[in-house]
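The values are calculated or read from the model by the stated rules, or taken from the named source; none is laboratory data. Note that the coordinates shown come from a computational prediction; the quantities given were computed from them, not determined experimentally. Glycine gets a Cβ as well: all are built from the backbone with ideal geometry, and neighbour counts include every protein chain shown.
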Amino acid sequence: MHMSLTYWALTVSSLCLQLGILTVMLKRKLRANFPFFFSYTAYCIIQLLAVILAIRLPYQYFFYVYYALTAINLLFGFAIMYEVFINILKPYSAVIDLGKMLFCWAGIFLLLVGVLTAFVTAGSQPSKVMAAILIVQRSIQLMQCGLLLLLLLFETRLGLSWRSHAMSIGLGLGSFSAIALILCYVQNHLPPGQGPIVPMISTVSSLAVSAFWGVSLLLPEPQRKNVLDSPSRLIFQRWNESLAGTPLVAGNQLAFSPVDSFIPGVERAVDRVMARKMVE
């Protein structure tokens with residue numbers, strides 16, 4: 001009974017936090033800047049209510065409802081990574097164009113991984129679905145951890161503040177994914193009977209991240225430094241200038257040039273970046 005009351009308290013707290021984030025984003029007119037994150041927050045409320053209602057269904061139906069909701073959640077997680085990436089690299093249009101292409105290929109790769117995993121997994125249909133979704137989920141979580149590492153390493157170079165909205169969303173997303181991966185490892189090594197501890201920690205971590213997002217979005221965002229006018233030439237600025245002169249980018253749009261011109265274009269971009277770095 002005590003555990004049940006605890007879970008209900010956490011559920012209500014989660015709903016309140018998600019509603020608070022939506023309210024803050026609407027009042028501060030942040031929906032246009034982060035449409036995927038806004039939609040994801042609204043979806044989290046729908047997902048939580050749907051799971052509560054689906055618990056009463058037979059296990060077979062609950063299984064498909066739960067994993068269908070999880071699959072949609074993964075799509076939002078990938079979309080938010082893309083959104084944070086675009087917002088962080090706003091001054092670098094050529095780097096953004098290259099990043100869009102990389103995100104497109106990454107999405108196709110994750111889809112293939114999920115399909116192939118389901119195809120080679122032995123067992124029933126539910127087992128195949130679960131294996132495919134879990135492998136894609138772990139892959140996206142690793143990518144989100146990579147985004148967190150990128151933000152931590154290049155925060156100064158990008159001229160970002162810890163209180164910027166894109167930075168806060170990326171930090172929260174990456175931190176929760178790192179915790180989720182650690183808990184997955186811990187759960188596989190826990191003694192029998194200790195399993196319920198992991199979902200509890202995961203829920204508390206989700207609440208902490210949601211609270212961090214709510215506070216970060218509520219605070220005024222500091223003005224971003226104009227890194228393009230900085231006396232020190234940043235690595236992203238060098239890449240942006242070099243990529244802008246390659247066949248990869250034309251008119252701020254990706255130019256899907258033939259394969260034989262793709263590799264030489266990248267090589268020339270790298271040569272120009274290295275040459276400028278040596279001169280400086």
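Please work out if A94 is of a type in the set (A, V, I, L, M), assigned by TED's automatic domain parsing to the domain that holds I52, at pLDDT below 80 and assigned to a helix (DSSP H, G or I). Please lay out each step first, then the result.
Numbers: of a type in the set (A, V, I, L, M): yes; assigned by TED's automatic domain parsing to the domain that holds I52: yes; at pLDDT below 80: yes; assigned to a helix (DSSP H, G or I): yes.
Considered against the rule, which asks whether it is of a type in the set (A, V, I, L, M), assigned by TED's automatic domain parsing to the domain that holds I52, at pLDDT below 80 and assigned to a helix (DSSP H, G or I), A94 comes out as yes.
Looking at the stretch 178-187, can you tell me whether even one residue there is out of contact with any helix residue (DSSP H, G or I) (no Cβ under 8 Å at 6 or more places or on another chain), farther than 20 Å from L22 by Cα and modelled with pLDDT under 65? Explain how you work it out, then say what you get.
Just the residues of the stretch 178-187 that are out of contact with any helix residue (DSSP H, G or I) (no Cβ under 8 Å at 6 or more places or on another chain), to begin with: 182, 185.
Those still in the list that are farther than 20 Å from L22 by Cα too: 182, 185.
Going one step further and asking which of them are modelled with pLDDT under 65, we end up with none.
Looking for residues that are out of contact with any helix residue (DSSP H, G or I) (no Cβ under 8 Å at 6 or more places or on another chain), farther than 20 Å from L22 by Cα and modelled with pLDDT under 65, one finds none in the stretch 178-187, hence no.
How many residues are in contact with a Leu (Cβ under 9 Å, 6 or more places away or on another chain) and crowded, with 19+ Cβ neighbours inside 10 Å if we restrict to the stretch 160-171?
8
Can you name the condition, by its number, that Y40 falls short on among (1) touching a residue at least 60 places away in the same chain (Cβ under 8 Å); (2) part of a helix (DSSP H, G or I)?
Result: Y40 fails condition (1) only.
Could you tell me whether S232 is on the phi < 0 side of the Ramachandran plot and either surrounded by 15 or more Cβ atoms within 10 Å (Cβ to Cβ) or at pLDDT 60 or above (or both)?
For S232, the condition - on the phi < 0 side of the Ramachandran plot and either surrounded by 15 or more Cβ atoms within 10 Å (Cβ to Cβ) or at pLDDT 60 or above (or both) - is not met.
State all residues of the stretch 120-156 that are among the charged types (D, E, K, R) and more than 20 Å from F176 (Cα to Cα); if no residue qualifies, say none.
Of everything in the stretch 120-156, just one residue is among the charged types (D, E, K, R) and more than 20 Å from F176 (Cα to Cα), namely K128.
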